[in-house]
1. Could you tell me which label, among [x] 55, 30, 29; [y] 45, 36, 27; [z] 64, 49, 35, carries the value of Cα extents along the principal axes in Å calculated for this structure?
2. With n ≥ 4 as the cut-off for DSSP H runs, can you work out [θ] at 222 nm for the chain, using -39500 (n - 2.57) per run divided by the number of residues, rounded to the nearest 500?
3. Sorted from fewest to most neighbouring beta carbons within 10 Å, what does the list Phe51, Phe8, Phe185 look like?
4. So how strong a dipole does the chain carry about its Cα centre when Lys and Arg Cβ are +1 and Asp and Glu Cβ are -1, to the nearest 20 debye?
5. With a ≥ b ≥ c the root eigenvalues of the C-alpha gyration tensor of the stretch 1-83, is it rounded (a/c under 1.5), prolate (a/b larger than b/c) or oblate?
6. Just rank Trp143, Trp132, Trp35, fewest to most, by other beta-carbon atoms within 10 angstrom.
7. Quick one: Karplus J couplings for the stretch 42-47, per residue in order, coefficients 6.51, -1.76, 1.60, θ = phi - 60°, nearest Hz, x for Gly and Pro?
8. Placing +1 on the Cβ of each Lys and Arg and -1 on the Cβ of each Asp and Glu in the chain, which of Leu171, Ile140, Met184 has its Cα farthest towards the positive end of the resulting dipole?
Amino acid sequence: MLAAALTFFLVMDPLGNVPLFLTALRNTPEERRQWVILRELLIALGIMVAFLFAGRGLLQLLSIDNGALVAAGGVILLLIAIRMVFPTPERNLREPHTDDEPFIVPLAVPYVAGPSLLAVEVVLVSQNPDQWPAYLGALILSWLVTAAILYMSGFLRRVVGDKTLIAIERLMGMILVILAVQMMFQGIADFFGR
């Protein structure tokens, strides 16, 4: 459960999302920002929990092999992790901001409940379907830590600064690269080992 929680936490990347949240909320009145953050985090949790339970059924409906899923999840995670470690102006993780108060996009999806997190959920549940209570607990635990960090995003940015947040995001990206490569190797081994 703790390993899954750590994986979910790293993929959610709350410290890397702090500047993204603040940018997306810059035109939102200050008295509404905390409410908007809380609302978006709850929406993201609902999406993640729904995908935790429905994702496996969707894969069975599409007849997707577990080995292919694990390898594809690793590829997606690798691409996200490389963009975390080596962002470029053309291909970074930032979404264009709007002048309105954000709703679901981009805060809930893709910043918190992004495609890489949903892929990791499906991979884990597909590998061990009877372990779903542990994965649900891990998801909620990692969401709680992520929610606390993002809820205090304005304070956190003032205390540690943008450079420290960027350095932590790069470190998380490097850890995710290793995890992604392991997932790809495992998916290839599952495919050829059957």
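1. [x]
2. Details: 7 runs with 147 residues, N = 194.
Mean residue ellipticity, 222 nm, calculated: -26500 deg cm²/dmol.
3. Working: Phe51 19, Phe8 23, Phe185 13.
Listed from fewest to most nearby Cβ atoms, that is Phe185, Phe51, Phe8.
4. 300 debye
5. Prolate, since a/c reaches 1.5 and a/b exceeds b/c.
6. On the way: Trp143 23, Trp132 15, Trp35 11.
Fewest-to-most ranking of Trp143, Trp132, Trp35: Trp35, Trp132, Trp143.
7. Along the stretch 42-47, the couplings run 5, 4, 4, 4, x, 5 Hz.
8. Leu171
Read-outs: derived from the displayed coordinates by stated rules, not from any lab. Please read all numbers here as calculations on a predicted model, not as lab measurements. Don't worry about glycine lacking a Cβ; one is built from the backbone with ideal geometry, like all the others, and counts go over all protein chains shown.
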